[in-house]
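*Asks:* Quick one: the structure is below, questions incoming.
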Amino acid sequence: MKSLDDLGALLRAAVGAGAPGDEAIGAFVDALRERAAALLEEQTGALRERCESAERERDWRAETNAYLEREVAGLRRLRDDADRAHSKLLAHHRELRARHARELARVADAALESPEEAAAALRALAGELEGTGE
């Protein structure tokens with residue numbers, strides 16, 4: 001039997017052999033259809049709920065991934081900005097060290113000829129290093 005209609009036909013054929021009347025068979029087939037529909041709805045309803053839940057989770061994951069990708073991109077920009085700032089600061093630091101080394105070498109050379117000038121240059125350099133910039 002492939003369907004309830006086949007069952008109905010079989011039951012109608014049985015009527016000829018003394019089974020219940022056509023009206024009773026129709027009611028029986030209708031009741032079977034209703035029960036089958038209820039069972040099918042029960043089974044597919046649970047499956048539908050699981051599918052809807054899986055779709056909601058999929059959407060949530062997609063939103064979360066998109067948010068995290070934006071955050072990662074922002075963090076990469078911050079890292080790149082920090083790297084550039086660090087490189088700039090390091091270059092400035094190296095330039096200051098080189099300038100101070102040249103100034104110290106000049107003061108060392110001048111110390112024998114003019115101790116007062118060397119002392120004044122050292123005080124100026126010390127002020128620059130301390131941030132007072134004498």
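*Asks:* Just give me the residues in the range 85-115 being in a helix (DSSP H, G or I), among the small types (Gly, Ala, Ser) and farther than 18 Å from Gly131 by Cα, in sequence order. Lay out the reasoning, then the answer.
*Replies:* As a first pass, look at the range 85-115 and keep what is in a helix (DSSP H, G or I): 85-111, 115.
Pick out the ones that are also among the small types (Gly, Ala, Ser) and you get 85, 87, 91, 98, 101, 105, 108, 110-111.
Ala85, Ser87, Ala91, Ala105, Ala108, Ala110, Ala111 - these are the residues of the range 85-115 that are in a helix (DSSP H, G or I), among the small types (Gly, Ala, Ser) and farther than 18 Å from Gly131 by Cα.
*Asks:* Follow-up question, since we're still on this one. Identify all residues within the range 69-118 that are surrounded by 10 or more Cβ atoms within 10 Å (Cβ to Cβ), modelled with pLDDT under 85 and hydrophobic (A, V, I, L, M, F, W, C); write none if there are none.
*Replies:* Hits for the range 69-118 are Leu104, Ala105, Val107, Ala108, Ala110, Ala111, Ala118.
The values are calculated or read from the model by the stated rules, or taken from the named source; none is laboratory data. Predicted model only: the values in this text are computed from it and were never measured. Counting neighbours? That spans all protein chains shown, and the Cβs are built from the backbone with ideal geometry, glycine included.
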